[in-house]
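Only one structure is covered here, and it is reproduced in the block below.
The values are calculated or read from the model by the stated rules, or taken from the named source; none is laboratory data. On a predicted model such as this, the values are computed, not experimentally measured, just so you know. FYI the Cβ positions are ideal-geometry reconstructions off the backbone, even for glycines, and counts take in every protein chain you see. The accessibility values were calculated without ligands, DNA or RNA, using every heavy atom of the protein model including side chains. Shrake-Rupley method; radii C 1.70, N 1.55, O 1.52, S 1.80 Å.
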Amino acid sequence: MSLTNRENPSYPKFIVGIEPPAGRTEKALWFIFRGRDILFKVRKNPSAIPKLVDFGELGLPVVREQYLGMLEGTHCYSVELPADTKAPEGMEFVDLRKAHSEISEGCFELVNKAVQVVEWDRTNQFCSRCGTKTVQKPGERGKECPSCGELFYPRISPAIIVLIRKGHEVLLARSPNFPPAVYSLIAGFVEPGETAETAVAREVWEEVGLKVRNITYFGTQAWPFPNSLMIGFTAEYDSGDIRPDGFEIEDAKWFSVEDLPALPGKISISRKLIDHFLKEEGLEV
Ligand SMILES: [Zn+2]
């Protein structure tokens, strides 16, 4: 993830490609989706992602196929399946929200990319301005309306997430959508015309009624729920009493490192921010 890159920038292992290679002779990685479920191999040796010369080997119906690019010399494709597709022998559909616990962080990054390309293709078949069928724009991950010229690129929605410290305590909050007992950080989408830092101050004020200061950039993470670029910050408590909005946040409290609730999964930027705080507090993570 980009957080790793921030600390240790390296040559990208994945090269984005638009035009698929002519002919298929070598095995490629196939990211296959049925809605927000991904098709994984049941026995993983070594990858959960099916490796096939051609998708047709699985004998499944296909709605659309996209070429993604190359991962260290291996071509990658994504495929959209009809909603009623059954998993073939030796494979299973896994909900995207659970998929990251079964694969590596690098692999999840590609799954994230693949599902967003599938959704961009699926939701931009027609021009939203005039209704004409769109066409692929040559050499770009974009579609063009042949009638009015409108362009459609994959949508990426910036969202902020912030770890707020108060001395040796951290503010953790619960959304009603979280798994039972899990607490995480304050997060929200950036509004049109707003800077990320302003969004931090506004979200914290709206969701828990606090004022913060020293808003400091931490790192970013692409997150496919649904198409976010999470922009991580740290901040210090300035003033106010915790007042959960009761809508997006049902509970929020200050926690010390001795007294932490259930936390989000290791792969998420929220957990990376929390682990960063724990390290600062002298804990091994
Ligand atoms: Zn149009």
Restricting to region 233-250, name every residue that is of a type in the set (S, T, N, Q) and either open to solvent by 60 Å² or more (accessible area, probe 1.4 Å) or in contact with a His (Cβ under 8 Å, 6 or more places away or on another chain) (or both). THR234
Answer yes or no: is there a residue in region 210-232 that is under 25 Å from ASP275 (Cα atoms), polar (S, T, N, Q) and either part of a loop (DSSP other than H, G, I, E, B) or touching a His at 6+ places or on another chain (Cβ under 7 Å) (or both). yes
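Every residue, every condition in (1) under 28 Å from ALA22 (Cα atoms); (2) open to solvent by less than 50 Å² (accessible area, probe 1.4 Å); (3) in a strand (DSSP E or B), yes or no:
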| position | (1), (2), (3) |
| --- | --- |
| PHE40 | yes, yes, yes |
| LYS44 | no, no, no |
| VAL62 | yes, no, no |
| SER101 | no, no, no |
| GLY106 | yes, yes, no |
Exactly one of VAL135, VAL118 is closer than 28 Å to CYS76 by Cβ and away from the ligand (no atom under 16 Å from the Cβ), and that residue is VAL118
In the set ASN124, ASN112, the lone residue that is within 16 Å of the ligand (Cβ to nearest atom) and closer than 24 Å to TYR67 by Cβ is ASN124
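Pick from region 138-148 the residues that are within 16 Å of the ligand (Cβ to nearest atom) and open to solvent by 40 Å² or more (accessible area, probe 1.4 Å): which of them is nearest to GLN221 (Cα to Cα)? Working first, answer last.
Residues of region 138-148 within 16 Å of the ligand (Cβ to nearest atom): 142-148.
Next cut, open to solvent by 40 Å² or more (accessible area, probe 1.4 Å) only: 144, 146-148.
Numbers: GLU144: 28, PRO146: 35, SER147: 36, CYS148: 35 Å.
Here the residue is GLU144.
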Report the residue count in region 151-160 for those that are within 16 Å of the ligand (Cβ to nearest atom) and surrounded by 15 or more Cβ atoms within 10 Å (Cβ to Cβ). 1
